[in-house]
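What follows is a short report on a single structure.
The values are calculated or read from the model by the stated rules, or taken from the named source; none is laboratory data. All of these numbers come straight from a predicted model, not from anything done at the bench. Cβ placement follows ideal geometry from the backbone for every residue including glycine, while neighbour counts extend to all protein chains displayed.
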Amino acid sequence: MLIGEYTSKLQDKNRIAMPKKFRSEIGDKIIITKGYENCLIVVPENKWDLMVKDIVSRPFTITNARDTSRFILGSAAEAYLDDQGRFVIPQTLISHAELDGEVSFLGLVSWIEIWSSIKWKERESYLRDNGANIADELSKLDVS
């Protein structure tokens, strides 16, 4: 299961090492794309179709559906892990997530988020300060 928080350092030529905990589950080929709140999303190749299906199942005539496809699918790239678990992040995605130096990996069961460690600490602080309100709002959603 992809869970937990780990840190790594962005290396020369935009290479970074996938945390060991995730390597056996994620495989050698991943899809990496833009995420919300200035993070990146990493999905194992075998789970990418599930994410895509959810996105493209929305009618093309809905502006927000097209924009979501543009944002997530339009920025997606394939990457391959080498024998040491390293992979290259495309420059456009480095810029989107403002990655430089220390990077945080968050395992969220079906996907991994990659954050600038500075941005993740800011977001984590927001979540800590607003967690009760967020939980209340989620409880009001109809998910049936």
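Can you spot a residue in the range 103-116 that is in contact (Cβ under 8 Å) with a residue 12 or more places away in the chain and part of a helix (DSSP H, G or I)?
no
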Of the residues in the range 59-96, those that are outside any loop (DSSP other than H, G, I, E, B) and of a type in the set (Gly, Ala, Ser) come to 65, 69, 77, 79, 95
Being of a type in the set (Val, Ile, Thr), surrounded by 13 or more Cβ atoms within 10 Å (Cβ to Cβ) and modelled with pLDDT under 95 narrows it down to one of 89, 112, 55, so name that one. 55
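Looking only at the range 2-31, filter to residues that are of a type in the set (A, V, I, L, M) and in contact with a strand residue (DSSP E or B) (Cβ under 6 Å, 6 or more places away or on another chain); which one of those is surrounded by the most Cβ atoms within 10 Å (Cβ to Cβ)? Walk me through how you get there before you give the answer.
If we filter the range 2-31 for residues that are of a type in the set (A, V, I, L, M), which is where we start, we get 2-3, 10, 16-18, 26, 30-31.
Pick out the ones that are also in contact with a strand residue (DSSP E or B) (Cβ under 6 Å, 6 or more places away or on another chain) and you get 2-3, 10, 16-17, 26, 30-31.
Working: 2: 20, 3: 12, 10: 18, 16: 20, 17: 19, 26: 24, 30: 22, 31: 20.
It comes out as 26.
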Residue under question is residue 34, and the condition is that it be among the basic types (Lys, Arg), surrounded by 14 or more Cβ atoms within 10 Å (Cβ to Cβ) and closer than 22 Å to residue 123 by Cα; does it hold? yes
